[in-house]
Each structure stands twice: as structure tokens, then as C-alpha cells.
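K.L.:
Mind looking over this structure? Questions follow.
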Amino acid sequence: MDDVRILTQALPYMKAHKGRTFVVKLGGELIEDGEVLASLARDLALAHHVGIRLAVVHGGGPQATDLSKRLGLTPKFFEGRRITDADTLEVAKMVFAGKISVDLLGALRREGLRAVGFSGVSGNVIEAVRREPKEVTDPETGENRTIDFGHVGDIREVRVDLLETLLDAGYVPVLSSLGADREGRVMNINADTVAVAVAVALGADKLLVLTNVPGVLRHPGDPASVISALTAKEAEALAREGTLRGGMIPKVLNLVDAVRRGVARTHILSGTAEHGLLTELFTKEGCGTMITLEEEHERYLSE
């Protein structure tokens, strides 16, 4: 009876989500753990089988760093973003469009999903331009220096015809975060940025970013202090006040960007919590942090 009760509680959400388009971004740290990946694949399969149109975007930072070190390369970062020289770009191609994509597709296939993996280079899905060098001031010396990100791209356009063709045919597109310019020069692009751009271009109803943290924390370091819902303005205030730290700052600001560009609801939640994705999708309480515009927040409170 408990199982039946859970199903009846989820029914209104199943009805509301059926036929909707959700973009799910998976962090590379989730994919490298076999048990976590298998659990996520089951959750994605259930969401797909109740009628949700899913597009998956994946990262692969930890795997790229690991392979770089094994090849004798020293990974370089600036403000948490990878500097991609020619050798690092080759690593990104091997890891993002190779191992990670295949491992993720295999996990989804085991759960009966027809998933198709490709990079943003395929079908001209992601057109990018090479990021310009950035002038920065060294906080220790006060001297100015130039940071060249190398083969890192900024998204110019996302073409969704291939994604929509796959979604309409019942497939799950699985996109790795590489793009190319008009001359075919391949570039590494931040996966969170790709997920936002894809969600906006598809007119997605939700963007869900799954990572290894439970959500936005009121008190950094205290998992029990997860904030269940924030408006875009509230999220920006947390960034200004210093409540958000490290890599959480760009993740949250990316979600703010998404809602301001038309994605109704965005979420950041743990991909390691058992059935966290399903809890966020099919219960009122959820399990992570939802970020919306003010009017959508009011609609959520009245549900």
C-alpha cells in the first residue's frame, strides 16, 4: 500500500510533465562512479517512460584531468575554467565524445532507452567562437597579465533541428560539450553553459543540473541547510554576499541566466542522492534547489 500511495502522490506531476521537454546536465564526477551512473540511468528511464522528452548534456572535467595527468600533461585552470591548449583539446575529444559518451549510452541502453550520443560538432548543433584572451590583475603582485584560454569556445548559436528530430522520434539525445566555428575548428565549451544554451534554444520547461552537492546551501558546509527554492534576484544576492562559494557561483548564475532567457524552472541537486532526480520531479518537497523568476516562484508557492 505504501508503494501505491507514492504512485498516487506522483500522478499529478506525471500528468503535468507528460510531453514536456527537460534538459538534464550530468557532471563528470557522477558518470565515473558506476553505481551512481546506473542509478541515474534508471531514474532517467522512468522519467522518459512516463512521457517526458529528455535531452542530456554531460561534462567530464574529472576524467579529462585524470587522463591529462596520465599522459604527462599538467591541467591548467583560471577561475575554475580549464585552459585548453592543443594537447588538452585532444584529451577533451577523447574523453567527452569518446569514453564518457559511450559509458553513458551503455548505461541508458541497459534501462531500455534509445539514446543517441554526439558532440556539438555533429550536425552543426553548436556554433562557437574562440574566446578572446582576458586581461587580469594578479591579486598578489598587482601586475596585469593576459590569460589565453586556448581552444575554448563561447557559444554563438545552438541549432536544435537535430535535437528536435531525435526527441520527436522518441530518442534521448546525449550531447557532449564540444563545438566548432564556421571553419570547423573544434573547441572545448563549459558543459553547464552548453546545457543552458540548449535548454533555451529548445524552449525547455526545465533545466536540471545534477552534481555532487545537494543544492544551494544557506550555510556552506552544512548539507541540512539546502534552500528549496530561490528567485533569480535572491540567487544573485547570495552570490554577492559570499554565501555561494567556488564552483557553485558560476553554476547558480548560469541557472539565473537560463530563467531570464525563458526556461521556466531550473534546478540544482545531488546526482548521488538515491532517486534524487525522481524526488525533485515527482514530489512537492523535491530534494534540491529550484531557481525561477519571481512570477514563477509565486506560481510554485500556490500549487
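Nothing in this text is a laboratory measurement; each read-out follows from the coordinates by a stated rule. What you see is a predicted model; the values in this text were computed from it and never measured. Heads up, the Cβs are rebuilt from the backbone with ideal geometry, glycines too, and the neighbour counts pull from every protein chain shown.
K.L.:
Express the C-alpha Rg of segment 160-257 as a ratio against the empirical globular expectation 2.2 N^0.38 Å, rounded to two decimals.
P.N.:
With N residues counted in segment 160-257, Rg over 2.2 N^0.38 Å equals 1.29.
K.L.:
Next question. Hey, in the GNM for the chain with a 10 angstrom Cα cutoff, which one of Glu234, Glu143, Glu157 fluctuates hardest?
P.N.:
Glu143
K.L.:
Right, another one. Taking the DSSP beta bridges in segment 1-151 as the whole, what percent of them are antiparallel, to the nearest 5?
P.N.:
Close to 45 percent.
K.L.:
If Lys and Arg each add +1 and Asp and Glu each add -1, what is the summed charge of the other residues whose beta carbon sits under 14 Å from the beta carbon of Leu208?
P.N.:
+2
K.L.:
Straight-line reach from Lys284: which lysines fall under 28 Å, measuring Cα to Cα and dropping same-chain residues less than 8 apart?
P.N.:
Lys284 reaches Lys15, Lys18, Lys25, Lys206, Lys233, Lys251.
K.L.:
What are the ³J(HN,Hα) values, in whole Hz, obtained from phi via the Karplus relation 6.51 cos²θ - 1.76 cosθ + 1.60 with θ = phi - 60°, for each residue of segment 119-132 in sequence order, with x given for Gly and Pro?
P.N.:
3J(HN,Hα) across segment 119-132, in whole Hz: 9, x, 6, 5, x, 6, 4, 10, 9, 10, 10, 5, 5, 6.
K.L.:
Give the order of Glu183, Glu35, Glu274 when sorted by the count of other beta carbons within 10 angstrom, beginning with the fewest.
P.N.:
Glu183, Glu35, Glu274
K.L.:
Go through segment 22-39 residue by residue and turn each phi into a ³J(HN,Hα) via Karplus (6.51, -1.76, 1.60, θ = phi - 60°); whole Hz please, and just put x for glycine and proline.
P.N.:
Ordered by residue, 3J(HN,Hα) equals 10, 9, 10, 9, 10, x, x, 5, 7, 6, 6, 9, x, 5, 5, 4, 4, 5 Hz.
K.L.:
In the chain, if the dipole is taken from +1 on Lys/Arg beta carbons and -1 on Asp/Glu beta carbons about the Cα centre, which of Gly112, Ala16, Gly288 is farthest to the positive end?
P.N.:
Gly112
K.L.:
Taking the Cα atoms of segment 212-303, what is the range of coordinates along each of the three principal axes, in descending order and whole Å?
P.N.:
Ordered largest first, segment 212-303 gives principal extents of 31, 30, 19 Å.
K.L.:
In whole percent, what relative contact order does segment 162-303 give with Cα contacts below 8 Å and a gap of six or more residues?
P.N.:
Relative contact order of segment 162-303: 26 percent.
K.L.:
On to the next question. Please identify the longest segment of the chain free of exposed trypsin sites (Lys or Arg not before Pro), where exposed means a DSSP state other than H, G, I, E or B and no more than 16 other Cβ atoms within 10 Å.
P.N.:
The segment 21-75 is the longest one with no such site.
K.L.:
If you don't mind, there's one more thing I want to ask. To the nearest 10 degrees, how steeply does helix 101-110 sit against the main Cα axis of the chain, on a 0 to 90 scale?
P.N.:
20 degrees
K.L.:
To continue, here is another question. Antiparallel as a % of all DSSP beta bridges within the chain, to the nearest 5?
P.N.:
For the chain, the DSSP antiparallel bridge percentage is about 35.
K.L.:
Which whole-number percent is the relative contact order of segment 21-204 (Cα, under 8 Å, 6+ apart)?
P.N.:
Relative contact order, segment 21-204: 28 percent.
K.L.:
Right, another one. Per DSSP helix of 4 or more residues, -39500 (n - 2.57); summed, then divided by the residues of the chain. What does that give at 222 nm, rounded to the nearest 500?
P.N.:
Mean residue ellipticity, 222 nm, calculated: -12000 deg cm²/dmol.
K.L.:
Could I ask something else about it? Out of residues 5 or more away from Ala204 or on other chains, whose amide H comes under 5 Å of its own, with H placed 1.01 Å from N in the peptide plane?
P.N.:
Excluding prolines and chain starts, which carry no amide H, there are no hits.
K.L.:
Next up: With springs only between Cα atoms under 10 Å apart, run a GNM on the chain and tell me which of Gly150, Gly120, Gly59 wobbles the most.
P.N.:
With Cα springs under 10 Å in the chain, the top fluctuation among Gly150, Gly120, Gly59 is at Gly150.
K.L.:
Then there is this: For Thr8 and Arg130, calculate 0.36 nm times their separation in residues minus their Cα-Cα distance, and state this gained length in nm to one decimal.
P.N.:
38.9 nm
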